[in-house]
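Colleague: Can you read through this structure? Questions will come right after.
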Amino acid sequence: MQSLEEVAICDVYPYERADGEPMNPRDFTTKESAEHIAGLAAQFKANRLNPGQPVMKPILYKEGGIYWIIDGECRVRAMRAIGTERFLAEVYDDLDDAELARVEAAKAMVETDAKLGLTAEEKSRGVQTMLALDIPDEEVAVAARTDAGTVAKARRAARRVQDAAYDMTLDRLAAIAEFEGDDEAVAELRDCKQSEWQRVYAGLKAKAEQRRNRAEVVAVLADAGVEFVDECPEGFAACRTFSDYRPDLAALDAYVADNAGAGLLAEETPFGVTLLAPVAEGADEAAQAAAQRKADFQAAYEDGAKARREWLAAHAGDLKSMRRTALALTAFAMKSPAVEAFEELLGRPIDRTPTQLAVAISWPAAWSMGVCTAWALANDIASVYVNGATIENVTIVYEAMKADGYEPNAAETETYEACVARLESEEQ
């Protein structure tokens, strides 16, 4: 039998199962738990209908004069923290009915999140409660209006990060599950702020893709019997590089086949995997190596231009996912004399909130440095002239995109560092 009762908090205790395990497996000694309970306490103080109490009532099992907490231990702890003496609760006189109510409460909280106005984190907690109760993934997915695959990922990630999962959204947990086996990546996604996890995730995804691309090139060369060396040996020179950005594996196969028996070697470099071939007698190895490095840099720089465009296309639909970049590009757009003239016409400043239109207007000019200029600048060729605004724009866009999760390649980084050095030298 179930009833709504006002219960004295001094009569309420956490319930332990017959095997001695607590009903709530949460570790209440952690910083995350303390912060969560403090947050609940603040919410309860703001409850104008029942001050000091939660909107969602705890579920209790009554045994004699004792009330055992079946669902809502965090809520009870939060009420104790603010001195609540009595509160309304759903009370059951049958333990099985109380546990069934706990299951249904978890499902109902998630199913009616629109009505309750739950945040993504609160919805995630409801789903995690359902997972802890071993409700099947398919049933959880229906309640949460998501797919069973996402639920399965969230379940795996929640086991991995334990208490840290409590304030995470489902999509963040699913992202963590993608990096099973990579302890460093899991730690980065676990420890970053909720507002930063998407940026961290984007960067980790980009690095993982680069590692996969390089591994594919290495595997093709290993299958072909090409030996890898730590550095280019004397008598050899670089002849072709396959970058970490979408390497053409068919072209790699063809190149290795065309040069079978030529004694090719391979070296991993910042630009990708470089093939090394014996130089002809009397050839200038240094000049050949310099020419290859220039070719590698320029190819990687062009790869970077493609990658930046693709990254922008993937994020421009949601400017919040590229917040720093959108702000930087909007600032470029606002530098137009036409904007100042229009503001004078209006007699007031116009809205500078980032928009897709502002991003579209400023993007073509934001990183307009050509490949030859970038090469000359990166190699400190004094004769090259570069407009100061162009150099400054590169540094701004590089820093903004990287802050938003973009992973620049070696050529882009060299160009950025050269731009910074040029700006510093001009300030002196």
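Colleague: Being of a type in the set (A, V, I, L, M), under 17 Å from Ala8 (Cα atoms) and open to solvent by 50 Å² or more (accessible area, probe 1.4 Å) is true for just one of Ile66, Ile59. Which residue is that?
Modeller: Being of a type in the set (A, V, I, L, M), under 17 Å from Ala8 (Cα atoms) and open to solvent by 50 Å² or more (accessible area, probe 1.4 Å) holds for just one of Ile66, Ile59, which is Ile66.
Colleague: Test Ala366 against the criterion of being in contact with a helix residue (DSSP H, G or I) (Cβ under 9 Å, 6 or more places away or on another chain), crowded, with 20+ Cβ neighbours inside 10 Å and over 22 Å from Gly317 (Cβ atoms), and give yes or no.
Modeller: So Ala366 fails the test.
Colleague: Quick one: how many residues across segment 396-428 are of a type in the set (Phe, Trp, Tyr), more than 21 Å from Ser321 (Cβ to Cβ) and in a loop (DSSP other than H, G, I, E, B)?
Modeller: 0
Colleague: Hey, among Arg211, Arg190, Arg160, Arg199, which residue is open to solvent by 60 Å² or more (accessible area, probe 1.4 Å), more than 11 Å from the chain's Cα centre (by Cα), closer than 24 Å to Ala403 by Cβ and not polar (S, T, N, Q)?
Modeller: Answer to the selection: Arg211.
Colleague: Say we look at segment 328-357 and pick out the residues that are buried (at least 19 other Cβ atoms within 10 Å of the Cβ) and under 25 Å from the mean Cα position of the chain (by Cα); which of these is nearest to Glu399 (Cα to Cα)?
Modeller: Out of the qualifying residues, it is Ala328.
Colleague: How many of the residues in segment 260-315 are open to solvent by 50 Å² or more (accessible area, probe 1.4 Å) and either of a type in the set (D, E, K, R) or in a strand (DSSP E or B) (or both)?
Modeller: 11
Colleague: Still on this model: Determine, yes or no, whether Ala410 is crowded, with 18+ Cβ neighbours inside 10 Å, under 27 Å from the mean Cα position of the chain (by Cα) and among the small types (Gly, Ala, Ser).
Modeller: yes
Colleague: Under 7 Å by Cβ, and 6 or more places apart or on different chains, what pairs join a residue from segment 185-202 that is touching a residue at least 24 places away in the same chain (Cβ under 8 Å) with one that is basic (Lys, Arg) and part of a helix (DSSP H, G or I)?
Modeller: Final answer for the pair search is Val186/Arg160; Trp197/Arg172.
Colleague: Under the condition of being out of contact with any helix residue (DSSP H, G or I) (no Cβ under 6 Å at 6 or more places or on another chain) and under 25 Å from Leu204 (Cα atoms), which residue from segment 386-407 is surrounded by the fewest Cβ atoms within 10 Å (Cβ to Cβ)?
Modeller: Ranking the candidates gives Glu399 first.
Colleague: What residue, of Glu85, Glu63, Glu104, Glu111, is under 20 Å from Gln2 (Cβ atoms), modelled with pLDDT of 80 or more and of a type outside the set (Lys, Arg)?
Modeller: Glu63
Colleague: May I ask you to list pairs of residues, at least six apart or on different chains, whose Cβ atoms are under 8 Å apart, with the first in segment 282-295 being on the phi < 0 side of the Ramachandran plot and the second being at pLDDT below 85 and assigned to a helix (DSSP H, G or I)?
Modeller: Pairs found: none.
Colleague: Cβ contacts < 6 Å: first residue farther than 22 Å from Thr30 by Cα, restricted to segment 74-95; second residue surrounded by 15 or more Cβ atoms within 10 Å (Cβ to Cβ) and basic (Lys, Arg), any location; separation 6+ or different chain. Result?
Modeller: Going by the 6 Å Cβ cut-off, the qualifying pairs are Leu88/Lys57; Ala89/Lys57; Glu90/Lys57; Val91/Lys62; Asp93/Lys62.
Colleague: May I pose another question? Quick check, is Ala418 within 32 Å of the chain's Cα centre (by Cα), hydrophobic (A, V, I, L, M, F, W, C) and open to solvent by 10 Å² or more (accessible area, probe 1.4 Å)?
Modeller: Yes; evaluated as a whole, the condition is true for this residue.
Colleague: Going through segment 214-238 one residue at a time, which ones are surrounded by fewer than 17 Cβ atoms within 10 Å (Cβ to Cβ), under 32 Å from the mean Cα position of the chain (by Cα) and not aliphatic (A, V, I, L, M)?
Modeller: If the condition is that a residue be surrounded by fewer than 17 Cβ atoms within 10 Å (Cβ to Cβ), under 32 Å from the mean Cα position of the chain (by Cα) and not aliphatic (A, V, I, L, M), then Glu216 is the only one that fits.
Colleague: Output the residue which, of all residues in segment 199-229 that are among the β-branched types (Val, Ile, Thr) and not in a helix (DSSP H, G or I), is nearest to Ala185 (Cα to Cα).
Modeller: Selected residue: Val229.
Colleague: Scan segment 26-41 residue by residue and report those that are among the hydrophobic types (A, V, I, L, M, F, W, C), assigned to a helix (DSSP H, G or I) and either open to solvent by 30 Å² or more (accessible area, probe 1.4 Å) or on the phi > 0 side of the Ramachandran plot (or both).
Modeller: Ala34, Ala38
Colleague: Is there any pair linking a residue in segment 247-272 that is under 18 Å from Ala295 (Cβ atoms) and modelled with pLDDT of 90 or more to one that is assigned to a helix (DSSP H, G or I) and not charged (D, E, K, R), with Cβ under 6 Å and at least six apart or on different chains, and which?
Modeller: Pairs that qualify, where the first residue is under 18 Å from Ala295 (Cβ atoms) and modelled with pLDDT of 90 or more and the partner is assigned to a helix (DSSP H, G or I) and not charged (D, E, K, R), are Leu252/Val220; Ala266/Leu221.
The values are calculated or read from the model by the stated rules, or taken from the named source; none is laboratory data. The structure presented is a predicted model; accordingly, all values stated were derived computationally and were not measured. Glycine also receives a Cβ, built like all others from the backbone with ideal geometry; neighbour counts cover every protein chain displayed. When the accessible area is computed, the model is the full protein with side chains, heavy atoms only, and any ligands, DNA or RNA have been set aside. Shrake-Rupley method; radii C 1.70, N 1.55, O 1.52, S 1.80 Å.
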